[in-house]
Amino acid sequence: MGPESNDLVIIRVVKHLPMGLGVETENGQPGIVRVREISWDPERSRNWRENYPIDWSGEAYPLSTRDQLKEFSLKLAENDPWEEIPKIIERGRLYEGVVTGITEYGAFIEIASGVTGLLHRSQLPAWVKASPIDLFWPGDRVFVTVQEVKYSERKIALGFAESTRQSGPRDLPQDIHRLSQWKGDNPDVDVFMKENAQKEHYLVVEDDPEQSLMISNWLRRFGQQVDVATGAEEALAFLERATPDVAFIDVGLPNMNGVELSRIILEKWPKIRVTITTDWARAESVMNELEELQHRHAELLTKPLLPEDLIGVIRKTRLEYPVEEVGRQDAGVSNPASGRKSVIRPSLHNKNMLDQFRRYLGFELAILFATDKIHRQVSIVECSGDETSLHTASMSQLIYSPVRDVAEDHCMITIEDIRTHSRDRFRYLLELYPNLRSCIGVPVSSRTPSDFALFALDKHSHQISQEQKIFAEAVALAIGTALEQKNFNERSILIQRSALIGHLTRGMVHEINNLVGPLHSRLDNLQGSLKRMEKRQARATATDADNTLITNELVEIQKNVRKIINTTRMFGRIAAKDKNEVLRIDEIVNETIHFMRDLSEGSRVKITFTPPEHLLVIKNQAAALEQVLLNVLLNAVQQIAELRPDSGGWVHVQIDHPFQKGESAFFTIRIEDNGPGIHMGLWERIFEAGYTTRADGSGIGLYISWNLMEELGGRIYVKESHVLSGTTFALEIPYHL
């Protein structure tokens, strides 16, 4: 349902402006319809010049503007979400919203498409010390309640939904309104935060401190590097020292205005992309100059700015300058679905590199050998090709073959036809692969305990070009990096496991001490009871009460001894090396929570567990799985303790029903807490080595957890998170025996 007809005005398109439609009302009053106010339909907005030609006329909704300069909305004339507010928004009701803007005094939260309210800083909990600008990022999800709705002013006052997150896992109303029910297909902050936003360098030239802070903070939240200048002179001085990718310039600068500064930059630094910002009033006065700059590929944005305006700039720079951007990409493998540069986690298990190596060279076999200097042995790490043609029984003699020369002496060999060379040198390699005619052997450099050699073998003779040699060396370098990464991961896991063992030793000692004291007391009681029984038996006066007392004491002693045995077994499992074994998932979770009890109680954090309805038994590595659980639980407890040291919080573990994904079955362990939450832009980055948000954090726990889950055949990820309302981690684990 749209707005009432008496709220609408008839407008006519008189010209196409860079920022949208230049229009006139029936009484000749000029105005503008910004591109973002043209239509709810993204296709109509994208082709707005064709869909709204000169002389087009229709109904529009007048928007309130400053200085009596009229702005209109066509989308609100189509369908005004505020008309539905009486039906969908209730005071005191809980909503899940997304942060679209941040100021010093609060955050703007969109709770339905086109409906935004203000969460004032006064509504934040008393224990929150950070300002809204430091606390929120565009795209963050937040639970809020509606405090007040002013329909005439189109304003909603929001409150923070703290009360729903204090005592245990949230039990949200079934009719809670989530943004996903309202969002259309328009690009928004939520979607953009999941994209692979390339990092660039922005210079923001803005004399208004609040505008400058807002723009620079938004850009930083989107992963961009930002420097700030308050005027043209300061900007030019900066450009003499550094060359940013984008200059973000306000037109209304003091002394030299933004138009003049933009011209100088485009002339002197043509590789810098210029984005000009101004309000509608000033844009009208310098429209010719702005259009001239746009012909020179400058971008124009009109204030007030929204996060999606900046998203548009970032997206355009990526699309329009693809060649120049390649050189500026950070190291790492891009992951378009995740919104970050992936941690390099190369794996030789799927043999992708060896397969590509073999196919590109046109050889039958590709083998990665490892040499053990101490035991004088050669082993095969990976093989690509027809392994049945290998006679592995002859492996023991390969230490006397060219494999050792390549691996240990770091020399490359290329043999185009072995019949033209001394066959004695290749005797043992021929025993491994009797059909051998040609080969390439490349040393694999890696800072690991073993030496490695990469070989391509074939039963036909080959002419080996210089290009093929360079390619082989490049693949060997990539494999060396993968081996180093694997070695680093293994060492990190061992180091962290040792740290966890040290951390948990205190809890185990505390647990055993708590059991030994009562055990000693019960033994004393039992000894006294036995002495009394002996005296009574001598007088033939023993009673059933004596027997019951002794039986009860023996039962309690047995329980305490069993607890001590179970505690030491659990501790031993964590300290043990990884091995596949049959596991009950509920027991693994209970054991892990048991070891966390001392720390969680000291931090006033309650850890609870809802067992699965049906028994879940799998075959996997208990030590690795418990280490992942410990890392996530420990991280949650520490974050809550830092956020609310006086009041604490909770962590809840739950196991979901198994599900099918492709041809494999999985189940999920969900770990939910009421900690500080994680900004959406960091959902993937927290798994990078060394990344941490805590002053005393190592940034290694979640990184190790990611790698361990990959080794287990599963994955770990952030399922959902809300600022100041907690995070849910999900461990997706293969379900098989």
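The values are calculated or read from the model by the stated rules, or taken from the named source; none is laboratory data. Everything numeric in this text was worked out from a predicted model, so none of it was measured. Neighbour counts are summed over all protein chains in view; Cβ atoms, including those assigned to glycine, are modelled from backbone coordinates with ideal geometry.
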Looking only at helices (runs of 4 or more DSSP H) that lie completely in the stretch 215-306, which have at least 3 residues being of a type outside the set (A, V, I, L, M, F, W, C) and either within 20 Å of Arg36 (Cβ to Cβ) or modelled with pLDDT under 85 (or both)? 280-285, 287-295
Considering only residues of the stretch 369-390 that are more than 23 Å from Ser445 (Cβ to Cβ) and out of contact with any Asp or Glu (no Cβ under 6 Å at 6 or more places or on another chain), which is surrounded by the most Cβ atoms within 10 Å (Cβ to Cβ)? Leu390
Which numbered condition in (1) buried (at least 21 other Cβ atoms within 10 Å of the Cβ); (2) of a type outside the set (Asp, Glu); (3) more than 25 Å from Met680 (Cβ to Cβ) is the only one that Arg221 fails? (3)
Qualifying residues in the stretch 241-259 (those that are surrounded by fewer than 14 Cβ atoms within 10 Å (Cβ to Cβ) and touching a residue at least 12 places away in the same chain (Cβ under 8 Å)) - the one farthest from the chain's Cα centre (by Cα): Asn255
One residue is enough: does the stretch 723-734 have a residue meeting the conditions closer than 28 Å to Lys486 by Cα, of a type in the set (Phe, Trp, Tyr), assigned to a strand (DSSP E or B) and free of Cβ contacts under 8 Å to residues at least 60 places away in the same chain? no
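Any residue in the stretch 683-701 that is β-branched (Val, Ile, Thr), surrounded by 18 or more Cβ atoms within 10 Å (Cβ to Cβ) and in contact with a strand residue (DSSP E or B) (Cβ under 6 Å, 6 or more places away or on another chain)?
The answer is no, given that none of the residues of the stretch 683-701 is β-branched (Val, Ile, Thr), surrounded by 18 or more Cβ atoms within 10 Å (Cβ to Cβ) and in contact with a strand residue (DSSP E or B) (Cβ under 6 Å, 6 or more places away or on another chain).
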Segments classed as strands (runs of 3 or more DSSP E), wholly inside the stretch 50-136, with at least 1 members that are at pLDDT 85 or above, within 28 Å of the chain's Cα centre (by Cα) and within 21 Å of Ser721 (Cα to Cα): 94-103, 106-112, 115-120
List every residue pair whose Cβ atoms lie under 6 Å apart, where the two residues are 6 or more positions apart in sequence or sit on different chains, the first residue falls within the stretch 360-374 and is under 12 Å from Glu408 (Cα atoms), and the second residue, located anywhere, is assigned to a strand (DSSP E or B). Phe369/Val378; Phe369/Ala453; Ala370/Ser379; Ala370/Val381; Ala370/Phe452; Thr371/Val378; Thr371/Asp451
Residues of the stretch 672-723 being more than 13 Å from the chain's Cα centre (by Cα) and among the aliphatic types (A, V, I, L, M), which ones? Ala695, Ile700, Ile704, Leu708, Met709, Leu712, Val723
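Of all the strands (runs of 3 or more DSSP E) wholly in the stretch 357-417, which have at least 2 residues that are among the polar types (S, T, N, Q)?
377-385
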Which one of the conditions (1) hydrophobic (A, V, I, L, M, F, W, C); (2) farther than 24 Å from Gly97 by Cβ; (3) outside any strand (DSSP E or B) does Ile686 fail to meet, given that it meets all the rest? (2)
